[in-house]
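One structure below.
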């Protein structure tokens, strides 16, 4: 059964390379799972058809036979169930992977994404600055002591956390956290990430060309 | 194997009834899984022992034989693997439960928790107000059309989402969302929630008594 990853047909340049279908592309590339790309027109993201697929009018969504899922974190856990490459099968390694996937979503991104969103309007002071620093500092301690979050090897938890930390403004704010810098750079140097990133850039560049016709 | 839920020995009154061990207590009560409570002194939450258990100095954590987990969302998914009561076993129902658990953590709480945190300092304007409204509005549409998030019946996704929405300041802001109000009230009327809530209140009240000695 071929997997289908849903994303936008086109987005403006700033988010390119960061649209969250990249997390699913990357996971598939790590495992060697074949997949195809399906698209919703960026302008149609609040259409009933797309809201049926993604109730918050976002991407990605994943189709896997009769199963469809939205939320990149949910899609990653679904893909991780398919391959030990993404998540160990032993109970301890699996639990570690799960807790760090959820940490990425609910302890780091719950602060870093709103921090980033608030930063877009250039306020004199970002009210989430201190909270973000405390979370990153705790994560720095963890990643000063080991190379990977879970199970002493690369898992989908690293894929997600590195994708969270590499967001431009956040990556640029990592100076006080050398372990997080090294970790982000190391995980995003993986060939599967580079392939997924290039494929997403190419996808949106092709859309520019098609729209220019 | 008995489950052990880790929480604080004591917290000041405001968060009582909302400390996140309640999510795990509630899940265990739904299933009838026996569990015991273990505690870390509130003042020792940044101790090396507790950071080894929860690297962000929070609660809860869950011990299940050789497996230990932190992050309430991860603990809920771990518990859901034990019982169909919390998560259907068919692939479609399981995927729906998973996507809505992750939505609670990464689409709703990623906005509602920072909105709440920023609100603590009573700013003239909360920069996350509009974003929160757009997320709640999308969720209102979904829950105007059905009683449960996933699989046409109660799942751990409802447990989590109702626990997110019942936070006092958020519940008080739900006037524009009658379906969310009704949903939150209906899900938190479940006997398993009421038992978990009372047990948490009693736990902290007992700690007051012990500390007063």
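Of the residues A:84, A:125, A:109, the one that moves most in a GNM of chain A with alpha-carbon contacts below 10 Å is A:125. Counted by neighbouring Cβ atoms within 10 Å, the residues A:146, B:190 run from fewest to most as A:146, B:190.
Can you compute the helix-only [θ] at 222 nm over the protein assembly as shown? Use -39500 (n - 2.57) per DSSP H run of at least 4 residues, normalise by all residues, nearest 500 deg cm²/dmol.
About -16000 deg cm²/dmol.
Computed from Cα atoms alone, the Kirkwood hydrodynamic radius reported for the range A:3-118 is 15.2 Å.
Annotation for residue B:209, label-to-label distances across the other copies: 7.5 nm (shortest first, one decimal, point 7 Å from Cα along Cα→Cβ).
Taking every alpha-carbon pair under 8 Å whose residues sit at least 6 apart, the range A:91-190 reaches a relative contact order of 32 percent. Remark: label point of residue A:198 defined 7 Å out from Cα along the Cα-Cβ vector; separations to the same position in other copies 6.3 nm, ascending. For chain A, relative contact order (Cα pairs under 8 Å, six or more residues apart, normalised by length) works out to 25 percent.
Springs between Cα atoms under 10 Å define the GNM used for chain B, and in it the highest mean-square fluctuation of B:54, B:198, B:63 occurs at B:198. Counting Cβ atoms of other protein chains within 10 Å of each residue's Cβ and taking the mean over peptide B:65-72 gives 6.
Projected onto their three principal axes, the Cα atoms of the protein assembly as shown cover extents of 78, 48, 48 Å, largest first.
Taken residue by residue and averaged, Cβ atoms of other chains lying within 10 Å of the Cβ of A:90-97 number 4.
For B:18, A:78, what ranking results if the residue with the fewest other Cβ atoms within 10 Å of its Cβ goes first?
The order, fewest Cβ neighbours first, is B:18, A:78.
You can think of it this way: the chain between residue A:153 and residue A:213 has 16.9 nm of extra reach, that is 0.36 nm per residue less the Cα-Cα gap.
At 10 °C and 1.306 mPa s, grab the translational diffusion coefficient of the range A:91-190 from Stokes-Einstein with a Kirkwood Rh over Cα pairs, rounded to a whole number in µm² per second. Intermediate results must be reported in sequence, preceding the final value.
On the way: Rh = 13.8 Å.
For the chosen part, D equals 115 µm²/s.
Projecting 7 Å from Cα along the Cα-to-Cβ direction, the label point of residue A:141 sits 4.3 nm from its equivalents in the other copies, listed shortest first.
Residue by residue along A:106-117, Cβ atoms of other protein chains within 10 Å of the local Cβ number 5 on average. Exposure proxy shown here: for B:171, A:138, B:23, the number of other Cβ atoms within 10 Å sets the order, fewest to most, as B:171, A:138, B:23. Relative to the 2.2 N^0.38 Å rule of thumb, chain B has a C-alpha radius of gyration ratio of 1.03.
Just to confirm my numbers, what's the Cα centroid distance between the range A:36-71 and the range A:171-213 in Å? For the range A:36-71 versus the range A:171-213, the Cα centre distance is 22 Å.
Where a number appears in this text, it was derived from the coordinates with a stated rule and is not lab data. What you see is a predicted model; the values in this text were computed from it and never measured. Counting neighbours? That spans all protein chains shown, and the Cβs are built from the backbone with ideal geometry, glycine included.
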